[in-house]
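Just so it is clear, none of the values below were taken in a lab; they were calculated from the coordinates. Just so it is clear, the structure is predicted and the values come from calculations on it, not from any experiment. Every residue, glycine as well, gets a Cβ built from its backbone with ideal geometry; the counts of neighbours run over all protein chains shown.
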2 protein chains.
Amino acid sequence: MTTSEVRAGLGRKVAADLVAELVSELGGEQFVIIDPDLIENYRYDWARDPAAGRPLAVVRPEDAAGVATAMRWAHRHRIAVVPRGAGSGLSGGSSAVEGGIVLSLDRLRAIEIDVDCRVAIVEPGALNAEVKAAAREHGLWYPPDPSSFEICSIGGNIATNAGGLCCVKYGVTSDYVLGLDVVLADGTPISLGGKRLKDVAGLSLLKLFVGSEGTLGVVTRAVLRLIPAQQPPSTLVAFFDTVAQAAEAVVAITRTTRPAMLELMDSASINAVEDVRSMGLDRTAGALLLAQSDVGGSGASAEIAQVRAVCDSVGAREVFTTDDPVEGELFAAARRAAFPAIERRGALMLEDVGVAVPLLPRLLEGITEIAERNGVEIPTVAHAGDGNTHPIVVYDVNDPDSRRRANSAFAEIMRLAISLDGTITGEHGVGRLKKDHLPDQLGPEVMAISRAIKNALDPSGILNPGAVL
Amino acid sequence: MTTSEVRAGLGRKVAADLVAELVSELGGEQFVIIDPDLIENYRYDWARDPAAGRPLAVVRPEDAAGVATAMRWAHRHRIAVVPRGAGSGLSGGSSAVEGGIVLSLDRLRAIEIDVDCRVAIVEPGALNAEVKAAAREHGLWYPPDPSSFEICSIGGNIATNAGGLCCVKYGVTSDYVLGLDVVLADGTPISLGGKRLKDVAGLSLLKLFVGSEGTLGVVTRAVLRLIPAQQPPSTLVAFFDTVAQAAEAVVAITRTTRPAMLELMDSASINAVEDVRSMGLDRTAGALLLAQSDVGGSGASAEIAQVRAVCDSVGAREVFTTDDPVEGELFAAARRAAFPAIERRGALMLEDVGVAVPLLPRLLEGITEIAERNGVEIPTVAHAGDGNTHPIVVYDVNDPDSRRRANSAFAEIMRLAISLDGTITGEHGVGRLKKDHLPDQLGPEVMAISRAIKNALDPSGILNPGAVL
């Protein structure tokens, strides 16, 4: 045997002993996956980061005590832990780390609705859609609605401070988190906030953990604020000659009204949808806006009429409105059809850059220019009311040069957003894919205090190493 | 001269040298107050904490560069800094520290409205009311509305994460802070967030600084989110036999509607108001609810009709409603009259405890019991829709025994709130008055990580020492 073979053998022996200790402390083999074939299912999230490592094991506790046990073990042995919800993340925040463990929360799925307190008490593995459904049974609503709401977990939503379509009016995940149970890096369980709606006692740790992408602790339970069920919406679709015109309409609309949805599709995404199925969209339009109002009763119709007046005054080519929620859903279907339609064109790199709303035209013009220069297609959809865009870089997965050009465009889009005083990520998180670009946005001083806080809470650096910071 | 006289003399000499150095670095005496009589105006906030110290000087920079200069000087000499806005804080968060400096932000008052981005760019000394007025000129609205909005500063609002009456629907200060410029403990200026509405790049430092009560940094500029102007409200006043009945109504109301205001006055506060001026309130009622809807048009009237139906079904004695904003303002005047009316009865200690909404009856019953046992009056008004209450302990400032009993009642109310899984402060902050009670609410583990974060950002502990932690 060569020296390196001996080392590898010893490494395997040590690893096996460590895992055996973990199994024993967790109280059973059913909580730990060591079969390499099964582990493969937990190595990647939707970013499919080719750099994902091979973990020692996947730990699947069934309660917070199990999470704490796993963290104490990891802390004692200085083993990297990648917390994982449903694995639908888009930035590689749940890519496995070589020699670490994946801590999957997919067995912690309890949902309890406290109707009188108007809160949901939820374990992190529960899906967003399941929380919405449980609330709906009581006439209540959990607003945050990432496009992936049917398959993404609440734990992942909290980790990334997920947004969505209705957050233009209703805010993001952070606005709905009233309480969190968190297991810290050394296995200590803490509880922050609770069912009370207002609380300023002490530092805002609750808000710090939201959006920390598993780098500061592992959420084992959340108290989520619910509000009364949404009223049936009125809906508008408007077509514009140019993205600049549509953006001008967005600025004017949000000055006087508060739509519950205000989405934009650019020419490339309109055509991608029409290529798949004719939905009667105007292929020659530069952009489409989709707006909904949910203020209830005749108010929704009146608000949509206001939105229509703005679109007309800006010079929209064509505007359709409806107070019929079913017809409105058909309008919204075009927006929902964008991702699947674009996916047919090749492999995708999904961007998530954002700018102040009036800068949308400059961002979108810049993206068009980046697409042309790199020879890739980049259709774009946007949560326009928030200035948050999803340019979708399409490439040929079997063509290394196409991939290289896509990577280059992906990075250029982030640099463009930063140059417009925008952000590299509005709702998906930094994860591992965007980590190298974070210092360009935040600057060295903010990076330094971010690291100081990370070190204060996770001095051994075992929580999701390589993500974010 | 005795040894201690020599020491005191040397101390004065050293202090004078230090202040001279500060004056020189700031570039002029106009930025530093050393006259003890003038300093007196900056020693206390509204908590009038008798333990407030005598500061070396009050520093009044006129820009962020001056703030950074003062912080670099303080950091170099390890001198305590108490940041101060308008001094209207209620928890002693701006009480001066013996031998430190007060860093007053009252000269940084610029307000700029970016209409297209729907944001206000505001310096910390600007008053909340000034920001509202500047936004109103453009048909825009800055919602957070602490009762003191006419005299409190935006910097103080950010420091305490201030709430108010409309936050039951529109959220608290933190929900409107998109960007902050902050000077750190060592004088380093940083910039967080900006005009973009959605941003999850990196840790949520922005949210951490909001509500940190001057213990982590000094805010020199904020980007605040604005929304379209509020619609004219419809208003309801309902009288109930008991607080329990009123709370039952609050739970039922918030299950189906989203009032823009949902306030409660208990029997003692109703009578305190009527004692001063007859407003036609029912003195025999156990509680009064005040609700407003602002959804616009006929929707507001419909929503208030829904609220009325709930109040009737719960068994309200009497319910008045109006769609006339002027008449509605008369209804609201009773609520606004509560503080001045109660102030006539003696000196006040203003509590700020909160619980989950359904626990309001238990909290208010407990407060009545505490009042009786301690022989003090405690009228209570509440932001009932948020479960946030302001029990107002009335005492005789010239009677030490009355003050002692009031202090005892004040502490007991906090313990009661904690026992109900509530908070010792919903919107005023911990400051120095409630600091001793914070560990009882948060527990040792959360205190430990709070201190770890404080130490990471302010290792010398010069920022607002003695407050919060």
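If we count every other residue with Cβ under 14 angstrom of B:D396's Cβ, Lys/Arg +1 and Asp/Glu -1, where does the sum land?
Values: positive: B:R344, B:R345, B:R403, B:R404, B:R405; negative: B:E343, B:E377, B:D399, B:D401.
Result for the local shell: +1.
What net charge do the residues around A:G92 carry, taking every other residue with its C-beta under 9 Å from that of A:G92, with Lys and Arg at +1 and Asp and Glu at -1?
Neighbourhood net charge equals +2.
By how many degrees, between 0 and 90 and to the nearest 10, does the Cα long axis of helix A:64-77 differ from the longest principal axis of chain A?
For helix A:64-77, the angle is close to 60 degrees.
For the range A:133-182, just say rounded, prolate or oblate: build the C-alpha gyration tensor, square-root its eigenvalues into a ≥ b ≥ c, call rounded for a/c under 1.5, and beyond that prolate if a/b exceeds b/c, oblate if not.
Values: a/c = 1.30, a/b = 1.11, b/c = 1.17.
Verdict is rounded for the range A:133-182.
Given H placed 1.01 Å from N in the peptide plane, which residues other than close sequence neighbours of A:L192 have an amide H under 5 Å from its amide H?
A:L180, A:D181, A:V182
I want the antiparallel fraction of DSSP beta bridges within the range A:62-136, as a percent rounded to 5. List each step's numbers first, then the result.
Details: 4 of 8 bridges.
Close to 50 percent.
Evaluate the charge dipole of the range A:146-294 about its Cα centre and quote only its size in Debye, nearest 20, assuming +1 on the Cβ of each Lys and Arg and -1 on the Cβ of each Asp and Glu. Display every interim value, and only then the final one.
Working: 11 positive and 14 negative charges, 140 e Å.
I would put it at about 680 debye.
Let's see if you can work this out: charge +1 on each Lys and Arg Cβ, -1 on each Asp and Glu Cβ, no other charges. What is the dipole magnitude of chain A about its Cα centre, in debye to the nearest 20? Working shown, then result.
Values: 44 positive and 60 negative charges, 213 e Å.
I would put it at about 1020 debye.
Can you list the distances in nanometres, one decimal and ascending, from the A:P444 label point to the identical position in each other copy, with the point 7 Å along Cα to Cβ?
Nearest first, the other copies' label points are 4.1 nm away.
With everything on Cα atoms, drop me the angle between helix B:267-276 and the longest principal axis of chain B, reported from 0 to 90° to the nearest 10.
Tilt relative to chain B: about 80 degrees.
Quick one: grab Rg to one decimal and Dmax as a whole number for the protein assembly as shown, Cα atoms only, in Å.
28.5, 98
Step through the residues of the range A:181-189 one at a time and calculate ³J(HN,Hα) from phi using the Karplus curve (6.51 cos²θ - 1.76 cosθ + 1.60, θ = phi - 60°), rounding each to whole Hz and writing x for Gly and Pro.
9, 10, 9, 6, 4, 8, x, 6, x
Could you give each residue of the range B:211-217 its phi-based ³J(HN,Hα) in whole Hz, using Karplus coefficients 6.51, -1.76, 1.60 with θ = phi - 60°, and x for Gly or Pro?
Each residue of the range B:211-217 in turn: x, 8, 6, x, 8, 10, x Hz.
Kindly identify the range A:316-379 as rounded, prolate or oblate by the Cα gyration tensor criterion: order the square roots of the eigenvalues as a ≥ b ≥ c, call it rounded if a/c is under 1.5, otherwise compare a/b with b/c, prolate if a/b is larger, else oblate. Each step should come with its number before you reach the end.
Working: a/c = 2.48, a/b = 1.50, b/c = 1.66.
Taking the square roots of the gyration eigenvalues as a ≥ b ≥ c, the range A:316-379 is oblate.
Have a look at the DSSP beta bridges in the range A:3-104 and tell me what percent are antiparallel, nearest 5.
20 percent
Need the C-alpha centroid separation for the range A:188-215 versus the range B:356-429, integer Å.
For the range A:188-215 versus the range B:356-429, the Cα centre distance is 25 Å.
To the nearest µm²/s, what D does Stokes-Einstein give for the range B:223-339 at 25 °C and 0.890 mPa s, using the Kirkwood radius over alpha carbon pairs as Rh?
For these conditions, the coefficient is 170 µm²/s.
Kirkwood hydrodynamic radius for the range B:86-224: how many Å is it when counted over pairs of different Cα atoms?
Kirkwood hydrodynamic radius for the range B:86-224: 15.2 Å.
Under a Cβ-Cβ cut-off of 13 Å, what is the net charge of the residues other than B:L184 that fall near it, where Lys and Arg count +1 and Asp and Glu count -1? Intermediate values should be presented prior to the final figure.
On the way: positive: B:R72, B:K454; negative: A:E445, B:D181, B:D186, B:D458.
With Lys, Arg at +1 and Asp, Glu at -1, the net is -2.
Which distances, in nm and shortest first, link the A:P228 label point to the same label point in every other copy, taking 7 Å along Cα→Cβ?
2.0
Work the Kirkwood hydrodynamic radius out for chain B: mean of 1/r over every pair of different alpha-carbon atoms, inverted, in Å. Walk me through the intermediate numbers first.
Details: mean 1/r = 0.0428 Å⁻¹.
About 23.4 Å, per the Kirkwood formula over Cα pairs.
Between A:D323 and the same site in the other copies, what are the distances in nm, shortest first, taking label points 7 Å from Cα along the C-beta direction?
For A:D323, the other copies' label points sit at 1.6 nm, shortest first.
Just check the range A:3-104 against the gyration tensor rule for me: Cα atoms, a ≥ b ≥ c as the square roots of the eigenvalues, rounded for a/c under 1.5, and otherwise prolate or oblate depending on whether a/b exceeds b/c. Don't skip to the answer; put the middle values down first.
Working: a/c = 1.89, a/b = 1.11, b/c = 1.70.
It comes out oblate by the Cα gyration axes.
Using the Cα atoms as the points, what is the convex hull volume per residue of the range A:234-419 in Å³? It would help to have the intermediate numbers written out before the result.
Working: hull volume 17.7 nm³, N = 186.
Enclosed volume per residue, from the Cα hull, is 95 Å³.
Round to the nearest 10 and give me the degree value, 0 to 90, for the angle of helix A:243-256's Cα axis relative to the longest principal axis of chain A.
With both axes taken from Cα atoms, the answer is about 90 degrees.
For the protein assembly as shown, give me the percentage of DSSP beta bridges that are antiparallel, rounded to the nearest 5 percent. Mind dumping the intermediate values first?
On the way: 110 of 126 bridges.
Within the protein assembly as shown, antiparallel bridges account for around 85 percent of the total.
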